[in-house]
Each structure stands twice: as C-alpha cells, then as structure tokens.
Amino acid sequence: TMDAGGGLRTPIVAVLGHVDHGKTSLLDKVRGSAVTSGEAGAITQHIGATAVPLETISDIAGRLVDPDDFDLPGLLFIDTPGHHSFSTLRSRGGALADIAVLVVDVNDGFQPQTLEAIDILKRTQTPFIVAANKIDTTPGWNPNPDTPVQQTLAEQSDRAEQRLNESLYEIIGELSDNGFSADMYWRVQNFRGNIGVVPVSAETGEGVPDLLAVLMGLSQRYMKEDMSIDTAGAGAGTVLEVKEERGFGTTLDVVLYDGSIRTDDTIVVGGKNDPIVTDVRALLQPRPLEEIRTEKRFEKVDEVTAAAGVKIAAPDLDEALAGAPVRVVRDRPEEEVVEEVRQE
Ligand code: GTP
Ligand code: MG
C-alpha cells in the first residue's frame, strides 16, 4: 500500500473513453516504463486500480516532474471499460475520481462513449484533461520513444506535424461544441476554465511524460486541500463491483477514498433494502504479477489506507449494491453510520 505521507492522500484518476481508444494501453505503458526503469515493485496493482508513486512518475517524466515540487504521494489510476454496455462502471469511476483523463483516438475523434464520458464528467464536475492518443499512427510519423511531446514534434516533418495538428484541432473543436474551451496543454494557463489536450502514444510512450506531469501538476495545484485526510480515521469508499470469490463468498471490490480500513473493523454498506452492517473477514489485494496462480490470486493484508483499491470479504454481502457507499464504523455510534449510508 502506498503511504499517504503527511496525511495527503493519492488523487484518484479515472481513465475514460470510447472502446479501443487506448485507455488500458496507456496504463500498460506507464507500468511498462516503470519495469524498464527498474521500478516494477514501486507500482502496485490494487483491486480495480493502479498506484503509481511520485518517485516513479518523476522517473518516467524526467525533467517535467521534479519530485521536490510536490507533496502529493503519487496517482491512483482507475481504468474503465469503453464498451457501451458498461456505462454504470464508467459512472462509478467518474463519480469517484478527483480528476480524469479522457482518452480520444486522434484518428477516430469523438465517438458515442466519448460523449457519454463527457456527460459523466460534467455531471460529477470532475476536472479532466484529454489524452489525444495514437499520434504514432500519423502518416510519416518519426517515433521518438518515451520523449516529451514537444521534443518529438520538433523532429517531425512539416507534413506529419500538419496532419497531426488537423486531428488535434478537430478534437479541440469537438470539445468546444460540448461547451469546453480547450487548447494544447502547453498553451493553457488556467486549467480551471480550460481543458488541456495532451498528444500521446501508448505505443511509443511519446507524450506520456507530459500526461503524468500535467496530472501531477493539476492535482498539486487545485486539489491539495481535498487530499488532506486523517489516514488513521474511519475509512470511506465506494463499491465498484460485488463479486463471488471462491473461498471467500460474496466480496466487495472497493475504492477507498478516505481514512483506513482494518481487518477488525465493522463496516456499513449500502444494500438492496437496508444498509448492511457486517464485520470484515479479510482484506485482499492482488498478488504481484509474477506470483499470480489460479488458486491464490489474492494476498491478505491487515490494513489499507486511502486512496486504494481493496477487496473486502465479509459475511452477509449478498444484498450489497455496486455503486453503494462503504463506511467503517470504528469509534462512532453504529446507528449514526447506518443513517449516513442510508442518506447517501
Ligand atoms: P476498452 O477497454 O475495450 O474500452 O479499450 P481501451 O481503450 O482500453 O483500448 P486498448 O488499450 O485495449 O487498445 C485498443 C487497441 O489500440 C489495441 O490493439 C492497442 O494495441 C491499440 N493502441 C492503443 N494505443 C495505441 C497507440 O498509441 N498507438 C497505436 N498504434 N496503437 C494503439
Ligand atoms: Mg481497456
């Protein structure tokens, strides 16, 4: 688990976008870069999330991220599926997120689930940036793996740069049609009123340093106050999915955004009828990739601190609802927590 040093938690970053536009590939690229730079152990897979610590972000982003400029501990990414049938998962991801990356294929432009994602981000008032992905597919592209985008742009032919710019300005136009003023991220001064567009390639890693730098910078600048939590406080989170797990029965895949949860905690979860009060039986995290076996995919942990993804095993979860709140009771009256969950 990532340590939320000084009580500042990791911002939760939702990755949203149309099917096949490259959401998972971008996260794979970030994970892959960390492996290459000998930091594989630094990145941890959570249930439904990937935690990337600041040091690793700085290693990937190079001169674009000086770790001394930041006190947030890193970024927690939530991948979401782009297929149209998964709109509830996208909504949950969007509602949980402190900030989002809207991934748009530069060739394909805005598509139905791009628009759906924008609606979610508007409704939840989640600040976001656009990753204009697959720039390496621009005809005549000269790839410069893992470099910042302006550096690789300087090494393209006029014709390739022009082709890419046409696609990028189409995306900026689509954002404008949807009520957002947008520009290339390096021209954006005020990210509160303007959407920054980051040209990237999940294939070559071009622009990935910029993407991480912009996310880190935005979080630090605009979200630091919201990230201040009592890491020892009673945990609060959202159920992403309710799942049967062999040996554990019905379990909850939860993203914890506040406080902590421990194996001796009582929790309250939103249910089909009334809130469910139950005792944690086990807290589970995925095993590191190299250790995954079909029999034992998870390892038990004693405590998880926000922000984190965790699988909670407990009795009586059959009626629990995906999307519902989860609250740790700890030293508050149980009834008060039940009411809080009922109201939400
Ligand atoms: P869903 O989860 O199904 O919504 O898709 P996704 O957005 O996660 O897309 P995914 O990462 O699975 O990528 C879809 C396809 O596009 C794969 O074949 C990738 O290899 C390819 N792809 C993704 N990013 C890039 C890129 O930057 N350049 C190129 N050339 N191909 C890419
Ligand atoms: Mg995917």
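The values are calculated or read from the model by the stated rules, or taken from the named source; none is laboratory data. Values in this document were obtained by computation on a predicted structure and should not be read as measured data. FYI the Cβ positions are ideal-geometry reconstructions off the backbone, even for glycines, and counts take in every protein chain you see.
Numbers below:
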read-out: Qualifying positions in segment 66-89 - in contact with a strand residue (DSSP E or B) (Cβ under 8 Å, 6 or more places away or on another chain) and of a type in the set (S, T, N, Q); value: Thr80
read-out: Subset of segment 329-343 (residues that are acidic (Asp, Glu) and out of contact with any Lys or Arg (no Cβ under 9 Å at 6 or more places or on another chain)); value: Asp331, Glu334, Glu335, Glu336, Glu339
read-out: Any hit, segment 112-134, residues being within 30 Å of Gly62 (Cα to Cα), modelled with pLDDT of 95 or more, in contact with a Pro (Cβ under 7 Å, 6 or more places away or on another chain) and part of a helix (DSSP H, G or I); value: no
read-out: Members of segment 220-244 found to be of a type in the set (Gly, Ala, Ser) and in a strand (DSSP E or B), listed by number; value: Ser228, Ala234, Ala236, Gly237
read-out: Cross-chain or 6+ apart pairs with Cβ under 7 Å, segment 129-153 first and over 17 Å from Val197 (Cβ atoms) and free of Cβ contacts under 8 Å to residues at least 40 places away in the same chain, then among the acidic types (Asp, Glu) and away from ligand 1 (no atom under 12 Å from the Cβ); value: Asn142/Glu155
read-out: Number of positions in segment 135-163 that are in a loop (DSSP other than H, G, I, E, B), of a type in the set (A, V, I, L, M, F, W, C) and within 15 Å of ligand 1 (Cβ to nearest atom); value: 1
read-out: Val326 vs. criteria out of contact with any Ser or Thr (no Cβ under 8 Å at 6 or more places or on another chain), within 17 Å of Leu96 (Cα to Cα) and either of a type in the set (A, V, I, L, M) or buried (at least 22 other Cβ atoms within 10 Å of the Cβ) (or both); value: no
read-out: Those residues of segment 93-111 which are farther than 23 Å from Pro209 by Cβ and either modelled with pLDDT of 95 or more or away from ligand 1 (no atom under 16 Å from the Cβ) (or both), in sequence order; value: Ala95, Leu96, Asp108, Gly109, Phe110, Gln111
read-out: Of all residues making up segment 1-58, the number that are modelled with pLDDT of 80 or more, more than 16 Å from ligand 2 (Cβ to nearest atom) and outside any helix (DSSP H, G or I); value: 9
read-out: Filter pass, Arg192 being assigned to a loop (DSSP other than H, G, I, E, B) and touching a residue at least 24 places away in the same chain (Cβ under 8 Å); value: yes
read-out: For Ile172: the one exception among (1) out of contact with any Asp or Glu (no Cβ under 7 Å at 6 or more places or on another chain); (2) farther than 23 Å from Val30 by Cα; value: (1)
read-out: Test: residue in segment 270-290 that is at pLDDT below 95 and of a type in the set (Ser, Thr, Tyr); value: no
read-out: Per-region count, segment 61-92, residues within 16 Å of ligand 1 (Cβ to nearest atom) and assigned to a helix (DSSP H, G or I); value: 9
read-out: Qualifying residue in segment 166-186 (condition: polar (S, T, N, Q), at pLDDT 95 or above and assigned to a strand (DSSP E or B)); value: yes
